[in-house]
Amino acid sequence: MIKIRVPATSANLGAGFDALGLALGFFNYVEMEESDRIDITSADGIEVPADETNMIYVAARDLYEICGRKLEGLKIIQTNNIPMARGLGSSSACIVAGLAGANHLLGNPLTQDDLVDLAAQIEGHPDNTAPALLGGIVTAVFDGRKVHWVKQEVYTKLHFEAMIPEFELKTEKARACLPKEVSHKDAVYNLSRAALFSASLLTGKYENLRTAVHDKLHQPYRMELIPHCRDVFDTAYTHGAYAVYVSGAGPTLMAIVDEENTFFKGKMEFSLENAGIHGWKVHDLLIDNEGTKIINE
Ligand code: HSE
């Protein structure tokens, strides 16, 4: 069996809606081998689709088809550390694991660029799939067929504190609440901040991040779907976060903090419980620069 390691991802990064994303050192693992039937289980007891609707299987089957091979079946064992429907790229991790695993099983007929394109074609947007494959922070434009991307490795003293509530929010619901049109002024508001985010993160101008994560395209609408969202934002800023944003489609809220802010996680969890805001867990994460890896054969 091969074993694939895929990182969690945080998309949008505030203003970079459908364009910016980064990989985090928090991983799903997928063991995979060809089989004469579909045999899908999870190693950690988390319920996963065990039939042909499983996204890892779907992605692997698509890749086989593109390569002119028929996939009879697959044995898959999933370890799902990335919580589902929380804005941390769990669906993308499945798609990417299926593609990377199938490509490896076939002797790597497709290039990394091919995989980035295919993953976005399956998922619909590239800002989770591309960093899941490539690692680092990825700027991506998807023209409907091809992803035009830049990956930058990030070596910072920043920590990403994923504040994860116990409830789920499906991406379809979190996209359905968005406006169909925005004003020219709001478009400028966002594109200037998205550009500011990447430049500031990569050059260490962290004092810009709080301004850079503001946006008018998605967060104001999605915050209404996340109970206690504003309280969690305010608490994170009180505890010294450089910036706080809705991770992907939510409901996870991401705080970017300095490595010297060592007690952020404990202080957040304590403050939220004290304020009667229950069920939020904080994961202290770093950027993953490696992306998807086959870690054994
Ligand atoms: N950019 C996407 C969104 C990420 O915000 O809907 C979730 O897949």
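Just one of the listed residues (GLY98, GLY68, GLY16) is more than 27 Å from HIS159 (Cβ to Cβ) and assigned to a loop (DSSP other than H, G, I, E, B), and it is GLY68. Within region 205-228, the set of residues being away from the ligand (no atom under 16 Å from the Cβ) and either of a type in the set (Gly, Ala, Ser) or surrounded by 21 or more Cβ atoms within 10 Å (Cβ to Cβ) (or both) comprises LEU209, ALA212. Under the condition of being part of a helix (DSSP H, G or I) and under 26 Å from SER183 (Cβ atoms), the residues counted in region 196-251 number 20. Annotation for region 140-148: no member residue is under 26 Å from THR235 (Cβ atoms) and among the aliphatic types (A, V, I, L, M). A Cβ distance below 8 Å, combined with a sequence gap of six or more or placement on separate chains, defines the contacts here; from region 81-93, residues that are in the same structural domain as VAL30 (by TED's automatic domain parsing) reach residues that are part of a loop (DSSP other than H, G, I, E, B) and near the ligand (Cβ under 7 Å from one of its atoms) in the pairs GLY87/GLY248; GLY87/ALA249; LEU88/GLY248; GLY89/GLY248. Within region 30-41, identify whether any single residue is of a type outside the set (Ser, Thr, Tyr), buried (at least 23 other Cβ atoms within 10 Å of the Cβ) and under 25 Å from VAL150 (Cα atoms), and answer yes or no. Within region 30-41 (the criterion being of a type outside the set (Ser, Thr, Tyr), buried (at least 23 other Cβ atoms within 10 Å of the Cβ) and under 25 Å from VAL150 (Cα atoms)), the answer is no, since none of the residues qualifies.
Checked against the criterion of being closer than 18 Å to GLY25 by Cα and surrounded by 20 or more Cβ atoms within 10 Å (Cβ to Cβ), the candidates THR235, THR252 yield just one match: THR252.
The values are calculated or read from the model by the stated rules, or taken from the named source; none is laboratory data. All values reported here derive from a predicted model rather than from experimental measurement. Note that each Cβ is placed from the backbone with ideal geometry, even for glycine, and that neighbours are counted across all protein chains shown.
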